[in-house]
Each structure stands twice: as C-alpha cells, then as structure tokens.
1. Would you be able to say whether some residue in region B:261-269 is within 25 Å of B:A195 (Cβ to Cβ), within 26 Å of the chain's Cα centre (by Cα), open to solvent by 40 Å² or more (accessible area, probe 1.4 Å) and without any contact (Cβ under 8 Å) to a residue 60 or more places away in the chain?
2. Out of all the residues in region A:310-329, which are open to solvent by 30 Å² or more (accessible area, probe 1.4 Å) and either assigned to a strand (DSSP E or B) or basic (K, R) (or both)?
3. Of all the residues that make up region A:7-27, how many are within 8 Å of DNA strand C (Cβ to nearest atom) and part of a loop (DSSP other than H, G, I, E, B)?
4. Looking at region A:25-34, is at least one residue over 21 Å from B:V113 (Cα atoms) and within 40 Å of the chain's Cα centre (by Cα)?
5. Does B:G278 fit the bill of being within 14 Å of chain A (Cβ to nearest Cβ) and open to solvent by 40 Å² or more (accessible area, probe 1.4 Å)?
6. Considering only residues that are part of a helix (DSSP H, G or I) and either away from chain A (no Cβ under 12 Å) or at pLDDT 95 or above (or both), look in region B:107-138 and name the one that is most open to solvent (accessible area, probe 1.4 Å).
7. Of A:S103, A:S73, A:S91, which residue is closer than 25 Å to A:A245 by Cα, more than 10 Å from chain B (Cβ to nearest Cβ) and more than 16 Å from DNA strand C (Cβ to nearest atom)?
8. Restricting to region B:188-201, give me the number of residues that are closer than 23 Å to B:L292 by Cβ and in contact with a strand residue (DSSP E or B) (Cβ under 6 Å, 6 or more places away or on another chain).
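The values are calculated or read from the model by the stated rules, or taken from the named source; none is laboratory data. Only a predicted model underlies this, so the values are computations on that prediction, with no experimental measurement involved. Please note: Cβ atoms are built from the backbone with ideal geometry, for glycine as well, and neighbour counts cover all protein chains shown. Calculation scope for accessible area: heavy atoms of the full protein, side chains included, ligands and nucleic acids excluded. Shrake-Rupley method; radii C 1.70, N 1.55, O 1.52, S 1.80 Å.
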There are 2 protein chains.
Amino acid sequence: MGRKVTVGDVAASAGVSRATAARVLAGHTTVNPDMAKRVIKASEGLGYSANVVARALRTQRTDTVGMVVPSISNPYFVGAVEALEGVLAASGRALILCDSRDSADTEAARIEVLLNRMVDGLIVIPVSAEDSVAALRTAATQCRVVQFDRLSQGAGTDFVGSDNFAGVRQCVAHLRDRGCVRIAYVGAAPTTSTATERLRAFEGSTGGHPDGRVLLGEFTAAWGTEAALTLLREGRMPDGIVCGADVIAVSLLAALRAAGVEVPTDVKVVSYDNSGLGLLTAPRLTSVDQPLAAMAEETVRLLDAGLDAAAPPRKSIFAPKLIVRESTGG
Amino acid sequence: MGRKVTVGDVAASAGVSRATAARVLAGHTTVNPDMAKRVIKASEGLGYSANVVARALRTQRTDTVGMVVPSISNPYFVGAVEALEGVLAASGRALILCDSRDSADTEAARIEVLLNRMVDGLIVIPVSAEDSVAALRTAATQCRVVQFDRLSQGAGTDFVGSDNFAGVRQCVAHLRDRGCVRIAYVGAAPTTSTATERLRAFEGSTGGHPDGRVLLGEFTAAWGTEAALTLLREGRMPDGIVCGADVIAVSLLAALRAAGVEVPTDVKVVSYDNSGLGLLTAPRLTSVDQPLAAMAEETVRLLDAGLDAAAPPRKSIFAPKLIVRESTGG
DNA sequence: CTGAAAGCGCTAACAT
DNA sequence: ATGTTAGCGCTTTCAG
C-alpha cells in the first residue's frame, strides 16, 4: 500500500515551496515560468494527482454530485444516470450513485450519506410524492438539489421533468388512430407525480369512454405480468393498452404472447420511457421518448445556477415524443 | 445553504471539549455518563452528523468502496452491484459506482478518480483481459483491489468469479439431453476471461462435432440481433444455441421469433447470467445462474482481509447452476 | 512573484 | 476521565 505522493513531495522534488507547487498545479499564471516547468516535471515524474478529500475539506467543494434513484434495475433510470454522468464528466465532475430501493427511509439515509460527503449538489428521483418531501427539504438547506423526472411538491427544490399529460395523450391518440376503441391503462398507483399525471391524462383522454379498464400497481416487471394475467382472466381483452412504463409493458407483452394473444393483431400496446428494453421484445415496443440528454443538460444548469433562497423553485418541463414501432403495427 | 453543525458546535452546546464530544460520538465508554448524556442530547438537538470528508482525511479511511463496471446497462453487472452494495451496507460502508463504458482508458481514469477519493477498496470488473492490467496493478499498490467476474491475469489482485467451463458444459449437456445435435455458440470475442473461457468450454464440449457454428461479437443486445440475422441468412439453422450472455440471448430470441423461427420447437436457446432480462421474454430463458450473493460476500471478505504483498493473489471460483425454463422446453 | 502560516473538521496522542 | 494539541493534504490569505 504505497503512500500517495503529495504536493509536499512535488514541491520538494522541484525545490520550491508547497504554495508555489499548488499554484502551478492549479493553473495559476502568476508564477515564474522556470519554476512552473520544474514543478510540472516533478509532478509528472512522481505521478502526482491531488487528494480530492483534502482539497474538498479546504475548499468546501468536492466536484462531485450525488444522485439517488428508486431502483437501479429500471432501465429508464439507468438511462437518466448515464445522461447525467456524461454531462457532469464534461465539466470534470463525478457522480456518486445511490439506490433507494423504492423506500423513503432508505432514500433519506442515502441523502444523508451524500450530504456528509459534501457533494456539491444532489439529483433525486424521489420515491414518493409525499414521503420524500421531508428529506428533500432538509437536503435543500445544505446544498443545491434538483428533482428529476418525479416531483415531490413542497420540497422547495428545482425540478426537471417531462410533460406526462402530453405523452399519454399521444399514446391514446395513436391507438385511436390505429383503430382501437376499447383502451386499457396499466400503470402505477398514484404515489409519484409521474404515475399520477399519466393516470389523470389517461382518464382525461378517455373520459367519454367508460369502457377504459384501469389497472394500477407498481413500476415493476412483476406487475406487468400480473396485470396481463388479470386482463386474460377477465376475458374481455381490450384492443389497445397504454402502459405506464416499459418495465411494465415488456413483461405484459411476454405474458400476453405466452397466452396466445397476438400483438399488434389482437391488441396494440403502447408504453412509456422508450428504454432499450422495448427494442428487445418481439414485437418491439411503441413507446414515449423523453429527451434525456437535454433534460440532463438542464438539470446540471440548474444545479450550477445558485438559487437564492427567496426565489421560487424552478420547473423545466420537456416535451415527450411517441416513437412508433411494431407493437402498434409499426 | 446552512452550514453543517460540527463537533465543535455540539461540544460547546454540551459544555465540554471537542475531544470529549468526539469520544462520546465514537462510542468510547471511557466517559462520564452525565457528560455522555449531555453530548448525546446536544448532538440530537442540533442534528449533528459527522463530516465524512474530514474524518477520512484524519483516519485515512473513508468507509467507502469503489466499483468500476464495464456498462451499467448490462443487467448482470447491475445484479452484481446490487449484491455488493447490500453486503457493504450491512457493515456500514457505501459503494461508489463508476461506468467504464467498455473502454480501458475510461476504466483507468475512473480508477484514478476513486483512488484520489481514498476509497478503502476497489472492486473492478475489468474491461479487458490485457488492457486493464496496468491500471489494476498500480491501483493495487494503493489500496485493496478485487477483480470480480472477469480476471485480468498478472494484475496481482484477488479474484472472485465463477466456473465458466462448468457453466457452459451444463448448457451443452442440457441441449444434448433435449435432443439437440447441431449446436451453435453465440458469444463475445475472447478479450475477457469470461468470453475466453466460455468459448473454450464450448469448443471443448462439442469438439467431436465440427458442426458447431461459432459466432463471436460483443456482450451487447445489438450483437444478439446481428448474430440471429446471420444464422437466418445462412439458412442452416442449428437446433440448439448457447449464448454467452442474457443480453445477447434476449435480442437473438426476439429476432428469431420475428423471423418465424419457433423457440423452443425449432431451436432451443440457452444462455448465461440468469438476469431478470430472461424472465421478460416469451419464452423465458433457460440460463446459467451465478451465486451473486455468495460471491459478493466473498468479495468483501477478501477486501477486508489485508493481503500481505508477498502472498500470491487469491482466487475464489464459485459453481454456476443452469436454471431451466421454456426456451429449452421447460 | 514566492514563501510562511493558518485552517477546513475531525481524531488520537499526549498531558493533566 | 477530560482537555489540549497536533496534524491528515490541501488551498489561500498575508507578508515579504
């Protein structure tokens, strides 16, 4: 376990003071070029690289952003993580990722851990519209916080998400366009803003058609399977199904096909998230895409823009777009 | 942005010295119960929680383990992350996760970042059997390193993985048992130990049958699709296919079905990883399971067991087990 | 332009 | 048993 080389080592090797070495390493131009050269050389020779922990303690900045997501096995969240990680890396920052396991308690604990690590900012996809508020509020007093994808009202943080009403409206319109008249919704119970908005949007879009069956569970594959079995058991299969997320749709699709229901012939399926998952199925999923890259950029922009406590939290809402594939007839 | 409360604040509020407050907070018993009580109360009243960064700088321990995986969108790796995160959390440690994007350069950079953060240990699923060695070697001089799943020979670190030969042998035996005689292998090019071993195992198991078609690409869904199209184009469809990973198998399955090839009737498919992905397909995938929970436990055990530099690196190899599902006839 | 010195928040000798 | 003090490695005044 060889000790890391420190500025002291570099300074000594270059025959200058620690301060000068530090200045050169920090890119300050107010240094004698000769000395600068000596320091650079010594630094490279010794393979110096700064101890981030010590620097953080001194500067109160870690160049690190924390992120908490409900489940790392949901590919939509993984996509969000990748997008954000990319944007942050571009400005030399790292992302520390935590999984809240869909539990508000775990979420609060993770947020605490990250704050103790002095992250410069926090990006949270909250577990619950209500239960996440407290932890978010206190976090917001310590560092910049942005909620992503899901909004917990009253947490007093900025928010970046997409227009779920517009997304679901596109789904329903598309199914109607393809001739569907009995459309069902298989989504998650309204404990998060996305689940709530998508549900409301579905109800709004099909208000005149009380035929629309609504099945509410969780954002999990298991629920997709269960919902499919329920529909099969009920016998009266809809001719169109809107799913609240790809994780639901994919397993629902598999269960329907296993039962001999043909997609898109017998029933057309449209989903939400446009994750890689929807490309692995046969047929591939028609799904609502959210502009993750742009959303990630905006999230980091908000993190960087110091919010003065008085200003009201900002909301950036992006427009989603339906990507049509074979599950609705291509 | 309220400042965090420090030991100093707690000490002042309790009317004791910083040292005493620190002792109480650290659970030392050598303190006057009255004072202890006062400190605890002050601590709770002020909502104190220790600054991990400052502590780390002093103790040279962060209670944090770094992990670098080739791609966070491969569900097998996600499963490994979840298992390790669970074991570490049980002993009060956190996991910092980095994605090397399947690039040895990125991997080296991530390892550097983590070392600068003074992680207590490093768990790496190396990108390449050869190109990862250098970064791993230097990392191993700074902290405890364990390679997981894939082994880069000569890095001088401990290793935890599973017996790929045994796994593939089970696959081939199972297909034969189900009556397959023309078995193909769709895997990854041998740039990693797992790809190499699985390929060799396949060649070894089917040595007497030069019929066995071998297609090598990457551990990606895109490759699975491409391989399926190649097999379809060649016309002479095998009656059994061994896939090197679920990500490959799932998209291969979708492409075959889309082309009207029935699984398992026309061709039986067996895969590797037993990730959640294989449960989402219709039919569900027969796949080789690796005991991730036990492997994670062992990994942390090795991290904790200080290796003296002289001792040879240790290897823990776990036995995989084929889980039979519908893609081979149930 | 350079160096000496202080200090981020914490813990562990050392001294009382 | 408690307090005082030094110092982890770094940056950044403040003198010179």
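1. No, region B:261-269 contains no residue that is within 25 Å of B:A195 (Cβ to Cβ), within 26 Å of the chain's Cα centre (by Cα), open to solvent by 40 Å² or more (accessible area, probe 1.4 Å) and without any contact (Cβ under 8 Å) to a residue 60 or more places away in the chain.
2. Listed by number, the residues that qualify are A:R314, A:K315, A:I317, A:F318, A:K321, A:I323, A:R325.
3. Result for region A:7-27: 3.
4. So far as region A:25-34 goes, yes, one or more of its residues are over 21 Å from B:V113 (Cα atoms) and within 40 Å of the chain's Cα centre (by Cα).
5. no
6. Filtering region B:107-138 for residues that are part of a helix (DSSP H, G or I) and either away from chain A (no Cβ under 12 Å) or at pLDDT 95 or above (or both), the one most open to solvent (accessible area, probe 1.4 Å) comes out as B:R137.
7. A:S103 is the lone residue from the list that is closer than 25 Å to A:A245 by Cα, more than 10 Å from chain B (Cβ to nearest Cβ) and more than 16 Å from DNA strand C (Cβ to nearest atom).
8. Residues that pass the stated criteria total 3.
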